[in-house]
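**Q** Sharing a structure, written as structure tokens. Questions coming.
The values are calculated or read from the model by the stated rules, or taken from the named source; none is laboratory data. Fair warning: this is a prediction, and the values are worked out from it, not measured in the lab. A quick note on method: Cβ atoms are made from the backbone with ideal geometry, for glycine too, and the neighbour counts reach across all protein chains shown.
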Amino acid sequence: MATPILIVCPKCGKQIKAPENALGKKVRCKFCQAAFVVSPGGGKTPSRAPAKGGGDGKKAAQPSGNKAVPSAKPIRPIPDDEDDDPSPYRLVDISLAPRCPDCANEIEEGQVICLHCGYNLRTREKAKTRKVYDQTFKDYFFWLLPGIACALVVFSLIGFDVWYLMKINDLIGQDDPWYLYVWRSGHIKLWVVIISLFLIWYAGKFAVKRLILNPKPPEIEKLK
């Protein structure tokens, strides 16, 4: 059975147990996933503590070679199993600045909307972003065209009513047929004006909404 040895990761400095035949082979650290080659000086066989009051007075044999191989020393001894670590988390910095409850990023005192995620701290709602197409002159033209048409209808009906009330008696005489002469009647004139005003009201209402209150065409959202 191969004797286990302790090797030290050159990147994170943590100790790893490995078989003795791993010397000279490329291994990967299980903590930081860094790959490195196990050098002869990087692996040490774990030894027991010497008994009290004893000792043969001999020093441990030093590895032979022209240059001494420095052994990496971890800053803090870390056990092989992370679950056995009594203090796995280290407190690095303390910040008392207010943070966004949605993304936990720091925000300024009195800030209403988080600039990182768009969360509104007053309404407790998060702003939604959408991707829309750019609006062109063609989009504006076709959006405003019905409003322009309704405005023309309004002016046309007003002009027709004025012309009808002022010129119909001059155009139609008593010698004309009855179906033309009836247009001179006051009752017909009244109903013509009422119907015209009804059309003017609805056409003008739509024209005001489209041209004045809502002149911008709706945004088209990108599906992809």
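**Q** Cβ-Cβ below 7 Å, separation at least six or inter-chain, first residue in the range 175-194 and of a type in the set (S, T, N, Q), second surrounded by 10 or more Cβ atoms within 10 Å (Cβ to Cβ) and at pLDDT below 85: which pairs?
**A** Final answer for the pair search is none.
**Q** Right, here's the next one. In a loop (DSSP other than H, G, I, E, B) and either surrounded by fewer than 13 Cβ atoms within 10 Å (Cβ to Cβ) or at pLDDT below 55 (or both), is that true of Gly110? Show your work before the answer.
**A** On the way: in a loop (DSSP other than H, G, I, E, B): yes; either surrounded by fewer than 13 Cβ atoms within 10 Å (Cβ to Cβ) or at pLDDT below 55 (or both): yes.
For Gly110, the condition - in a loop (DSSP other than H, G, I, E, B) and either surrounded by fewer than 13 Cβ atoms within 10 Å (Cβ to Cβ) or at pLDDT below 55 (or both) - is met.
Listed here are the residues, each with its yes/no results for (1) in contact with a helix residue (DSSP H, G or I) (Cβ under 7 Å, 6 or more places away or on another chain); (2) surrounded by fewer than 15 Cβ atoms within 10 Å (Cβ to Cβ); (3) outside any helix (DSSP H, G or I).
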| residue | (1), (2), (3) |
| --- | --- |
| Val153 | yes, no, no |
| Ile168 | yes, no, no |
| Leu180 | no, yes, no |
| Val192 | yes, no, no |
| Ser196 | yes, no, no |
| Ala203 | yes, no, no |
| Phe206 | yes, no, no |
| Glu219 | no, yes, yes |
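**Q** Just to be sure I understand the filter: pairs with C-beta atoms under 8 Å, separated by 6 or more residues or on different chains, first member in the range 146-167 and over 13 Å from Leu199 (Cβ atoms), second member modelled with pLDDT of 95 or more and among the aromatic types (Phe, Trp, Tyr). Which pairs pass?
**A** Qualifying pairs under 8 Å: Pro146/Phe206; Gly147/Phe206.
**Q** Condition check: over 30 Å from His116 (Cβ atoms) and in contact with a Cys (Cβ under 9 Å, 6 or more places away or on another chain). Does Gly186 satisfy that? Walk me through it before giving the result.
**A** Details: over 30 Å from His116 (Cβ atoms): yes; in contact with a Cys (Cβ under 9 Å, 6 or more places away or on another chain): no.
So Gly186 does not fit the description; no.
**Q** Pick from the range 113-151 the residues that are part of a loop (DSSP other than H, G, I, E, B) and among the polar types (S, T, N, Q): which of them is nearest to Asn214 (Cα to Cα)?
**A** Filtering first and then ranking leaves Gln135.
**Q** Also, quick follow-up: Do we have any residue at all in the range 132-145 that's more than 33 Å from the chain's Cα centre (by Cα), loosely packed, with under 13 Cβ neighbours inside 10 Å and assigned by TED's automatic domain parsing to the domain that holds Leu199?
**A** Within the range 132-145, one or more residues are more than 33 Å from the chain's Cα centre (by Cα), loosely packed, with under 13 Cβ neighbours inside 10 Å and assigned by TED's automatic domain parsing to the domain that holds Leu199.
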